Amino acid sequence: MDDRGPVLAYQDEHLLVIDKPSGMPTAPLSAGEPGTLLAWVIARFPQVDRLPGRKPIEPGLLHRLDSGTSGLVLVALNAEAFARLRGLFEAGEVEKSYLALCRPPEGASAGQTLTIESRFRPWGPRQSKVKVVLSDEESRRGNGLATRASYRTDAVVERAGPKAALVRARLRKGFRHQVRAHLSHLGFPIYGDPLYGVPVPGGAVDRLYLHAQSLAFLHPITGTLLQVEAPLPETFFRLLD
């Protein structure tokens, strides 16, 4: 887990954007669970606990990050903002940008663009992973359990070295483990990802090298464009260098 705690990246009377550290769960698995980002928010903004949520135990929370992923999470501070922001998410009008540190395939170069669109289906022990299902695989056995909707990830290699590549991935509609599974399928497995990636090189900080770096959306009340960014953790630079 990161040494630092959560950091408020943006705040107004309607919403919060918090930079979550790696290793902290976004939301509880049961009511009252301590140590989550949402518990941290509610301790400082008690009104959030009375708001609606995607689930009853997730008041005010608009989306989640995997525990190992660091970066930006959006939380509403009132019911009107929650309803409008949820509509933006469902319409694919919130642009999310991630930075991932990956093991590059042979021939990877800065400026290389990557695009993938797929459905997903659960697989693995206790269905803890997702499998990328491409259009030409739709009729194969077992893929009837795949999502009806397809999900697109657009990526670009920002920096490339012999052992590590910094990849920016953008998406508007997200699914569980989407960036992790898509980049792995494209030949860019993320360092420190126990499900789809590769082990962290010796001497580097052991974490999932995926960071939700920016969110861009229309403010739910004012309608103005709001873009919030979170600095890349120092651990990324150490491994990249």
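The values are calculated or read from the model by the stated rules, or taken from the named source; none is laboratory data. It should be emphasised that the depicted structure is a prediction, and the values quoted were computed from it without experimental measurement. When we count neighbours, we look across all protein chains shown, and the Cβ atoms used for this are built from the backbone with ideal geometry, even at glycine.
Screening TRP40 against (1) within 30 Å of PRO194 (Cβ to Cβ); (2) in contact with a strand residue (DSSP E or B) (Cβ under 7 Å, 6 or more places away or on another chain); (3) among the aromatic types (Phe, Trp, Tyr) leaves a single unmet condition, (2). Cβ-Cβ distances below 9 Å connect the following pairs, each with a first residue in segment 70-93 that is farther than 21 Å from LEU8 by Cα, a second residue that is part of a helix (DSSP H, G or I) and at pLDDT 95 or above, and a separation of six or more residues or different chains: GLU93/GLY87.
Working carefully through the options ASP193, ASP154, find the one that is acidic (Asp, Glu) and in a strand (DSSP E or B).
On the way: ASP193 fails: in a strand (DSSP E or B).
Just one listed residue meets the conditions, ASP154.
Taking (1) in contact with a strand residue (DSSP E or B) (Cβ under 8 Å, 6 or more places away or on another chain); (2) at pLDDT 95 or above in turn, THR222 satisfies each apart from (1).
Could you grab me the full set of residues in segment 173-188 that are of a type outside the set (Gly, Ala, Ser), out of contact with any Asp or Glu (no Cβ under 6 Å at 6 or more places or on another chain) and either crowded, with 19+ Cβ neighbours inside 10 Å or within 17 Å of TRP123 (Cα to Cα) (or both)? Full working, then the answer.
Within segment 173-188, the first condition is being of a type outside the set (Gly, Ala, Ser), and the residues that meet it are 173, 175-180, 182-183, 185-186, 188.
Going one step further and asking which of them are out of contact with any Asp or Glu (no Cβ under 6 Å at 6 or more places or on another chain), we end up with 173, 175-179, 182-183, 185-186, 188.
The answer is PHE175, ARG176, HIS177, GLN178, VAL179, HIS182, LEU183, HIS185, PHE188.
To keep it simple, each residue is scored yes or no on (1) in contact with a helix residue (DSSP H, G or I) (Cβ under 7 Å, 6 or more places away or on another chain); (2) surrounded by fewer than 21 Cβ atoms within 10 Å (Cβ to Cβ); (3) not aliphatic (A, V, I, L, M).
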{"site": "PRO199", "(1), (2), (3)": "no, yes, yes"}
{"site": "LEU210", "(1), (2), (3)": "yes, no, no"}
{"site": "GLN213", "(1), (2), (3)": "no, no, yes"}
{"site": "THR224", "(1), (2), (3)": "no, yes, yes"}
{"site": "ALA230", "(1), (2), (3)": "no, no, no"}
{"site": "GLU234", "(1), (2), (3)": "no, yes, yes"}
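Here's the yes/no breakdown for (1) in a loop (DSSP other than H, G, I, E, B); (2) closer than 20 Å to GLN178 by Cα:
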site	(1), (2)
THR26	yes, yes
GLU33	yes, no
ALA43	no, no
ASP49	no, no
LYS55	yes, no
VAL75	no, no
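Looking at segment 57-73, which of the residues that are under 16 Å from the mean Cα position of the chain (by Cα) and part of a loop (DSSP other than H, G, I, E, B) is surrounded by the most Cβ atoms within 10 Å (Cβ to Cβ)? Walk me through how you get there before you give the answer.
So in segment 57-73, the residues under 16 Å from the mean Cα position of the chain (by Cα) come out as 61-73.
Of the ones still in play, those that are also part of a loop (DSSP other than H, G, I, E, B) are 62-69.
Working: LEU62: 22, HIS63: 20, ARG64: 19, LEU65: 23, ASP66: 18, SER67: 17, GLY68: 21, THR69: 27.
The qualifying residue surrounded by the most Cβ atoms within 10 Å (Cβ to Cβ) is THR69.
The set of residues in segment 191-241 that are under 24 Å from GLY92 (Cα atoms) and either aromatic (Phe, Trp, Tyr) or in contact with a Pro (Cβ under 6 Å, 6 or more places away or on another chain) (or both) contains only PHE217.
Please determine whether any residue of segment 201-211 is over 17 Å from the mean Cα position of the chain (by Cα), hydroxyl-bearing (Ser, Thr, Tyr) and either within 30 Å of PHE120 (Cα to Cα) or not in a helix (DSSP H, G or I) (or both).
Within segment 201-211, the first condition is being over 17 Å from the mean Cα position of the chain (by Cα), and the residues that meet it are 201-206.
Remaining after also requiring hydroxyl-bearing (Ser, Thr, Tyr): none.
No, segment 201-211 contains no residue that is over 17 Å from the mean Cα position of the chain (by Cα), hydroxyl-bearing (Ser, Thr, Tyr) and either within 30 Å of PHE120 (Cα to Cα) or not in a helix (DSSP H, G or I) (or both).
Of all residues in segment 98-118, those that are within 21 Å of LEU215 (Cβ to Cβ) have Cβ atoms under 7 Å from Cβ atoms of residues that are surrounded by 18 or more Cβ atoms within 10 Å (Cβ to Cβ) and hydroxyl-bearing (Ser, Thr, Tyr), 6 or more apart or on another chain, in ALA100/TYR209; LEU101/TYR191; LEU101/TYR209.
I need the full set of residues from segment 13-28 which are surrounded by fewer than 17 Cβ atoms within 10 Å (Cβ to Cβ) and touching a Ser or Thr at 6+ places or on another chain (Cβ under 9 Å), in order please. Talk me through it step by step, then tell me what you get.
As a first pass, look at segment 13-28 and keep what is surrounded by fewer than 17 Cβ atoms within 10 Å (Cβ to Cβ): 13, 23.
Selection gives GLY23 alone.
For segment 1-24, a residue qualifies if it is farther than 12 Å from GLY71 by Cα and part of a strand (DSSP E or B), and the qualifying residues are TYR10, GLN11, LEU15, LEU16. Take the conditions (1) among the aliphatic types (A, V, I, L, M); (2) within 24 Å of ARG207 (Cα to Cα); (3) modelled with pLDDT of 95 or more; ILE42 misses just one of them, which is (2).
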